[in-house]
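Asks: Here it is, the structure, as structure tokens.
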Amino acid sequence: MNILWKKNLLPIITSMFLLGTSLIIGKNAEDSLITNLIIISAIGVDIKDEEFLVTVQAIDAPAVKDSASDKLGYILYQESGRTITEAMQKLHKTFSRYLFMDDIEVILISEELAKKRGIDDVINYLFLEQTISSNIFIFVSKAVSANDILATFRPFEKVSSRGIVDTIENIENYASFATPVYPNRVKNLLLNYPVVNNVIPYISLAGDVEEGISKDNTASYQPKTKTEINGMSYFKKDKLIDFLSTEESQHFLFLMDKVREGTLESNCPEGPGYFSYHLKKSKTKYDVSWNGSIPKISIKIKSNGRIIESTCKTNFEHPNMDLFKSQIKKQLEASITELIGKSQEERLDYVGFGKQIYLAAPSKWRKIEGEWESIFPNTLFEVKVDVSITRSGDAISLD
């Protein structure tokens with residue numbers, strides 16, 4: 001037994017030594033990486049005096065690692081330039097270490113820049129700069145600068161860009177009124193205009209800017225200023241036109257077939273009150289028919305969900321459930337029809353009719369592509385919604 005133990009002892013000691021050595025080397029390599037690099041997590045692009053005003057969010061790795069510390073998790077640096085590259089080069093006057101941009105998660109473009117100059121230059125920079133990943137999230141800031149958004153302190157997160165990413169992913173999965181957009185999609189739609197216009201999520205501030213960029217904003221049990229993703233903004237070519245409301249954005253996601261989960265609020269089918277319909281599944285299909293050279297778009301939406309709250313006097317006993325289904329159906333059909341009508345009034349196809357025609361009949365699309373801006377406002381369409389309600393309790397308001 002002792003001989004067997006002695007034979008196995010050497011391999012055990014060797015394995016433990018190698019494991020300890022690898023941990024030490026790994027820790028030293030990590031510390032060396034942190035020491036030699038400045039990791040950039042986000043870039044904000046504003047416009048000032050016809051030049052790009054670029055803000056970079058640099059992560060303070062030791063502060064982020066120490067979750068109990070009150071130290072800030074990031075530092076903002078800002079420079080201007082005739083190009084984004086020139087502004088980035090000026091930043092090297094400040095940094096003693098290499099700017100590591102492989103981990104950038106967010107690119108934020110200000111409303112002023114997107115409306116005045118457009119986003120084409122920013123998107124081209126993202127494609128030409130090889131160190132930036134193609135999987136970064138693109139946002140537009142509404143009513144405030146991109147710098148103000150990045151500078152606003154957020155509860156729970158030491159790095160504001162990480163909080164922005166977590167928020168858009170949470171909305172996509174559980175609320176369905178905004179969806180992530182990446183550089184590849186934006187560039188593809190710009191190159192293929194007028195097949196469809198870009199629609200990009202936007203961020204705004206609720207509260208005072210000055211209070212938001214104060215560290216006291218996270219010291220309060222109720223922050224006075226919050227960053228909010230409220231929906232989607234829409235473009236004509238590379239110029240920002242306007243912003244969809246939260247409700248309009250949700251209806252737009254139905255058209256994109258991007259609805260995962262979410263909640264619709266509706267009036268009671270009979271009498272006063274409201275009820276909440278929680279979507280669990282949704283599917284949108286298109287059918288394109290033709291009257292000569294004039295297209296007609298048929299949109300069929302199937303949704304499945306359950307009622308999670310009700311202040312209605314009407315209970316859910318058979319056949320009352322059909323009344324709730326009909327109410328959701330009418331509301332969705334009317335709201336989506338209204339959104340499409342709004343896009344037609346603006347002569348701006350951000351709802352994607354051109355894309356559906358192109359996918360259904362490429363040869364016919366090529367014949368009308370040059371005149372699509374004048375054809376789109378008069379394109380006939382119909383919206384049909386099929387609603388299913390499952391697993392709802394007998395929730396009624398009590399007197």
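The values are calculated or read from the model by the stated rules, or taken from the named source; none is laboratory data. Not measured: the values here are computed from a predicted model. Neighbour counts run over all protein chains shown; Cβ positions are idealised from the backbone, glycine included. Protein only, heavy atoms only, side chains kept; ligands, DNA and RNA dropped before computing areas. Shrake-Rupley method; radii C 1.70, N 1.55, O 1.52, S 1.80 Å.
Asks: Given the options GLU371, GLU346, GLU317, name the one that is open to solvent by 40 Å² or more (accessible area, probe 1.4 Å) and within 27 Å of the chain's Cα centre (by Cα).
Replies: On the way: GLU371 fails: within 27 Å of the chain's Cα centre (by Cα); GLU317 fails: within 27 Å of the chain's Cα centre (by Cα).
None of the other options fit; the residue is GLU346.
Conditions tested, residue by residue: (1) open to solvent by less than 10 Å² (accessible area, probe 1.4 Å); (2) in contact with a strand residue (DSSP E or B) (Cβ under 6 Å, 6 or more places away or on another chain); (3) in a loop (DSSP other than H, G, I, E, B).
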site	(1), (2), (3)
LYS281	no, yes, no
ASP287	no, yes, no
LYS300	no, yes, no
ARG306	no, yes, no
GLN331	no, yes, no
ALA334	no, no, no
GLY354	yes, no, no
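Asks: Could I ask something else about it? Quick check: anything in segment 68-85 within 20 Å of ALA151 (Cα to Cα), modelled with pLDDT of 95 or more and assigned to a helix (DSSP H, G or I)?
Replies: Within segment 68-85, one or more residues are within 20 Å of ALA151 (Cα to Cα), modelled with pLDDT of 95 or more and assigned to a helix (DSSP H, G or I).
Asks: Does segment 300-308 contain at least one residue that is in contact (Cβ under 8 Å) with a residue 60 or more places away in the chain and closer than 23 Å to ASN378 by Cα?
Replies: There is at least one residue in segment 300-308 that is in contact (Cβ under 8 Å) with a residue 60 or more places away in the chain and closer than 23 Å to ASN378 by Cα.
Asks: Sort through LEU108, LEU113 and tell me the only one that's surrounded by 18 or more Cβ atoms within 10 Å (Cβ to Cβ), under 15 Å from LYS236 (Cα atoms) and at pLDDT 95 or above.
Replies: LEU113
Asks: So which residues in segment 75-96 are farther than 19 Å from VAL159 by Cβ, touching a residue at least 40 places away in the same chain (Cβ under 8 Å) and buried (at least 16 other Cβ atoms within 10 Å of the Cβ), if there are any at all?
Replies: Matches in segment 75-96: ILE84 only.
Asks: Between a first residue in segment 271-284 that is over 17 Å from GLN327 (Cβ atoms) and free of Cβ contacts under 8 Å to residues at least 60 places away in the same chain and a second residue that is part of a strand (DSSP E or B) and among the basic types (Lys, Arg), which pairs have beta carbons less than 6 Å apart while being 6 or more apart in sequence or on different chains?
Replies: As it stands, the answer is LYS283/LYS302, since those pairs meet every condition given.
Asks: A further question follows. May I ask you to verify whether ASP242 is charged (D, E, K, R) and either within 29 Å of LYS355 (Cα to Cα) or modelled with pLDDT under 85 (or both)? Quick ask: steps written out before the conclusion?
Replies: Values: charged (D, E, K, R): yes; either within 29 Å of LYS355 (Cα to Cα) or modelled with pLDDT under 85 (or both): yes.
Criteria met by ASP242.
Asks: Take the residues in segment 152-166 that are more than 14 Å from the chain's Cα centre (by Cα) and buried (at least 21 other Cβ atoms within 10 Å of the Cβ), then tell me which one is modelled with the highest pLDDT.
Replies: THR152
Asks: Looking at the structure I just gave you, is LYS115 among the charged types (D, E, K, R) and touching a Lys or Arg at 6+ places or on another chain (Cβ under 7 Å)?
Replies: yes
Asks: Considering only residues that are in a loop (DSSP other than H, G, I, E, B) and polar (S, T, N, Q), which ones fall in segment 153-196?
Replies: Passing the criteria: SER176, THR179, ASN192.
Asks: If I ask for residues that are of a type in the set (Val, Ile, Thr) and under 27 Å from the mean Cα position of the chain (by Cα), which ones from segment 349-368 would you list?
Replies: Residues of segment 349-368 that are of a type in the set (Val, Ile, Thr), as a first pass: 351, 357, 368.
Matches in segment 349-368: VAL351, ILE357.
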